[in-house]
Structure formats: structure tokens, C-alpha cells
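K.L.:
I have a structure I would like to understand better, so I am pasting it below and will then ask my questions one at a time.
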Amino acid sequence: MMKNDIVLKAAKGENVDRVPIWLMRQAGRILPEYRATRARAKNFIEFVKNPELACEVTIQPVDILGVDAAIIFSDILVIPEAMGLPYEMIEAKGPWFEKTIKNKADIDALRIATGEDLNYVLQALRLTKKELNNRVPLIGFCGAPWTILAYMIEGSGSKTFSKAKQFLYTQPELAHLLFDKITKSSINYLKAQIEAGADMVQIFDSWAGILSEKQYYEFALKYINEIVNAIKPLAPITVFAKDAHYALKKISETGCSTIGLDWTVDPAKARVEAGKNVTLQGNTDPCLLYADEKTIAKETEIMLRAFGKQRYICNLGHGLYPDIDKEKVKFFVSFVKEFKF
């Protein structure tokens, strides 16, 4: 039996006696302990591919911050690499692909990834599951097909992802061909993560907000829906589509357990649009945690009362920023856990 399964209960719509909380990028540079572990690897890719180090930093925020769930330390771009498109992580710049997808031959050369192609992540999951010893749930994840395709076409991060969007407009048939391969790879990957010990999974659509509503439904949500349909019989699944405010109703119709919200979404509006049969997750602005404790407490109480205690998982509206004070994060987590309605 899991000692603390409150996140799973909330995701499944079961009654809880307090609001559960975990944080995106909770295993990261706000923790000196993370930085010490990170220093033991030559580079980020080696770090991600080391199951022992990944396990160590996955568990750190459970011990240090007191969060109610662990999320496996990895990267969304392991999928394109497993499909045959390797990447580098350049310090202070982000991901970079030497080769990008330009034509049908490039797409044909990609393989549909299986769980075994990402065995190092599965090893990290098994090891973490063992080390957690059922203290809290373990969350697995993948990038959404649109966000993954955006990097595969663009070759790096971008403010506009204009090359990737150009691809959707000028070569939609090829885009769908690539989306199909990414989607199948992602389903294989999430199924393997669940088999390896993930209690629930999340799909990160980090670049949802740069598409128009029409494009989002055609090129993004369609494929998220395929993933949700394949995974929801196996484990609770969360969809986090940053800045896709217009899509809340349609995201809820995928049958996902939980919808992640960024900080620009009004909780009451989200509940009306998403409906009562899905859990909401979010949506503190990470920048709030730069404020003093009085301000953090005041704004967090407003948010908690707006969402309510049931069918809700407290989180941030995006990931923690590296220069946020660890003690402020600990205060935020404690405040949420101790809050009484």
C-alpha cells in the first residue's frame, strides 16, 4: 500500500482531506543537492542517461521540499533521439539538433521508438520506484507530438517556431506522417514507463500556445487524443497544453484524468469549461515565489479557494525557475499542505 497516494486519489476524482501538491521542474537547479549530483555527469545528456543519477534527483524534492509525488528526471527530447534524431543540450542556450527533418526521406528514415530504445529511462523508473518504497506516487511523462515535432523541424528552441509552423502550412501531409510516428513512439514509451513503475503520466505540450485554435485541433490535440485513448485504461493521464486556453473543453473530452493549467487561466472559468469530471492541476505563477512569504500565502489562499479541495492538484503554471529561493518553495509547499478550507 502506498503511504501517500493523495495525488492519485485527486487524479481519479476520489475525495481527499487536503489539497495535494507537486511541482513541475521540482528536480532542478533550485536545489543545491541537484547541482551537486549534476556535477557528477560530463553533460546533460549523460546525466539523463544515468539511471542512478536520475533516480537520485527524482527523489530529492520528495525528501527536501515535501511534495506529494515524484516525477522521473528525464527530458522530452529523448523521443526524437530514440527515433533516430539525436540532440545536444547546450549550456545557457538549450537543445540543439545537428540534423533536422526537412522532407519525406528524412521522415522515412525515422523509426517508431519502443520502450527498449529508452531502456535507461525504464531503468531509472524501476530504481526510483524501489527507492521510493511506496512513499509517494511516481509520475512518468512525454512531450506532446506537436512540441516534439516543433523541435525536430526547427532544430532548437525558438520564440516563434516559424520553420515548424511553415512545415504545417506548406507540407501538411508530411506533417501528419511525422506526427503519426511521434504519436506511436510516445504511446510505446508511456506504456513502457507504466510497466516500469510509473503510477501516472503527463503529456507536456509546451508550445501549444503558438498555434492557432484551428491548427491546434488539426495538428496537436488530434494526436494527444490518440495517446490518451491508448494510455487511460492503464494509468491516470494529465494533459498540460500551455497557453491553449480555448481548448479546455476539447481536452477534457479526450478522457484524460487531469488538465494542467498555466497561470493565465482563471480557475472558475477553467472549471466551467473543463466540466466536473476531470481534475484540474495548477496554476501558480512561478514568479510568485520570488515574493515574501506573506504575499505567497495571500495569493496561494486565493488560488486554493478558487479551485476548491476536490478534483484539484496544486502545481505551478509552468516549471520552477532556477534562481527561485529553495526556502520559498518549501514555504509554498507547506502552506498548501497545511491549508484548511
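K.L.:
Which residue, Ile101, Ile90, Ile231, tops the fluctuation ranking in a GNM of the chain built on C-alpha contacts under 10 Å?
P.N.:
So, out of Ile101, Ile90, Ile231, the one fluctuating most is Ile90.
K.L.:
Using modelled backbone amide H atoms (1.01 Å from N, in-plane), which distant-in-sequence or interchain residues come within less than 5 Å of Arg18's amide H?
P.N.:
Sorted by chain and number, the residues that satisfy this come to none at all.
K.L.:
Efficiency by 1/(1 + (r/R0)^6): what FRET value for Glu299 and Val272, r their Cβ-Cβ distance, R0 = 30 Å, to the nearest 0.05? Could you put the intermediate results ahead of the total?
P.N.:
Details: r = 22 Å, r/R0 = 0.73.
That pair, Glu299 with Val272, gives E of 0.85.
K.L.:
Same structure, new question: Using amide H atoms built 1.01 Å from N in the peptide plane, name the residues 5+ places from Leu280, or on other chains, whose amide H lies under 5 Å from its own.
P.N.:
HN-HN under 5 Å from Leu280: Ile259, Tyr312, Ile313.
K.L.:
Give me a comma-separated list of calculated 3J(HN,Hα) values for segment 18-31, in order, Karplus coefficients 6.51, -1.76, 1.60 applied at θ = phi - 60°, integers in Hz, x for any Gly or Pro.
P.N.:
Rounded to whole hertz, the list is 7, 7, x, 8, 9, 10, 5, 6, 5, 8, x, 5, 5, 9.
K.L.:
Hey, another quick one. Beyond 23 Å between alpha-carbons counts as too far, so tell me which of Lys130/Lys276; Lys3/Lys49; Lys93/Lys222; Lys163/Lys242; Lys102/Lys159 fall in that bin.
P.N.:
Values: Lys130/Lys276 35 Å; Lys3/Lys49 29 Å; Lys93/Lys222 31 Å; Lys163/Lys242 20 Å; Lys102/Lys159 20 Å.
Correct reply: Lys130/Lys276; Lys3/Lys49; Lys93/Lys222.
K.L.:
Please turn the phi angles of segment 40-50 into ³J(HN,Hα) values with the Karplus equation 6.51 cos²θ - 1.76 cosθ + 1.60 (θ = phi - 60°), one per residue in order, whole Hz, x for glycine and proline.
P.N.:
7, 10, 5, 8, 4, 4, 5, 4, 4, 8, 9
K.L.:
Here is a further query. Per residue, how large is the accessible surface of segment 257-307? Use a 1.4 angstrom probe and give square angstrom. Intermediate values should be presented prior to the final figure.
P.N.:
On the way: 2350 Å² over 51 residues.
That works out to 46 Å² per residue.
K.L.:
Computed from the coordinates I sent, mean projected area of the Cα convex hull in nm² equals one of [x] 15.5; [y] 26.2; [z] 16.7. Tell me the label.
P.N.:
After the calculation, the listed value that fits is [x].
K.L.:
With a 1.4 Å probe and all protein chains left in place, how much accessible area per residue does segment 43-118 have, in Å²? Don't skip to the answer; put the middle values down first.
P.N.:
On the way: 3160 Å² over 76 residues.
Each residue of segment 43-118 exposes 42 Å² on average to a 1.4 Å probe.
K.L.:
³J(HN,Hα) across segment 247-252 via Karplus (A = 6.51, B = -1.76, C = 1.60, θ = phi - 60°), whole Hz, x for Gly/Pro?
P.N.:
9, 4, 4, 5, 5, 4
K.L.:
Sticking with this one: So, with a 1.4 angstrom probe, what is the percent of accessible area on segment 227-307 that is carbon and sulfur?
P.N.:
Values: 1840 of 3410 Å².
The nonpolar share, carbon plus sulfur, comes to 54 percent.
K.L.:
With +1 on each Lys and Arg Cβ and -1 on each Asp and Glu Cβ, how big is the dipole of segment 146-282 about its Cα centre, in debye rounded to the nearest 20?
P.N.:
On the way: 15 positive and 14 negative charges, 21 e Å.
In debye, rounded to 20, segment 146-282 gives about 100.
K.L.:
Measuring from label point to label point, each 7 Å out along Cα→Cβ, what is the Ile90 to Glu131 span in nm?
P.N.:
3.2
K.L.:
If you don't mind, there's one more thing I want to ask. Would you kindly state the longest site-free stretch of the chain, with sites defined as GluC sites (Glu not before Pro) in a DSSP loop (not H, G, I, E, B) surrounded by at most 13 other Cβ atoms within 10 Å?
P.N.:
Numbers: sites that count: Glu14, Glu91, Glu98.
In the chain, the maximal stretch lacking such sites is 99-341.
K.L.:
Right, here's the next one. Return the long-range amide H neighbours of Phe73 (sequence gap of 5 or more, or a different chain), with a cut-off of under 5 Å between placed amide H atoms.
P.N.:
Thr58
K.L.:
In debye, nearest 20, what is the charge dipole magnitude of the chain about its Cα centre with +1 on Lys and Arg Cβ and -1 on Asp and Glu Cβ, if you could check? Mind dumping the intermediate values first?
P.N.:
On the way: 45 positive and 42 negative charges, 98 e Å.
Around 460 debye, computed over the chain.
K.L.:
Residue separation times 0.36 nm, minus the C-alpha to C-alpha distance between Glu52 and Lys3: what's the value? List each step's numbers first, then the result.
P.N.:
On the way: separation 49, 0.36 × 49 = 17.64 nm, distance 2.35 nm.
Here the segment from Glu52 to Lys3 would lengthen by 15.3 nm.
The values are calculated or read from the model by the stated rules, or taken from the named source; none is laboratory data. Keep in mind that what you see is a predicted model, and the values were worked out from it rather than measured. In this analysis, Cβ positions are derived from the backbone assuming ideal geometry, glycine residues included, and neighbour counts consider all displayed protein chains. For accessibility, only protein heavy atoms count, side chains too; no ligands or nucleic acids. Shrake-Rupley method; radii C 1.70, N 1.55, O 1.52, S 1.80 Å.
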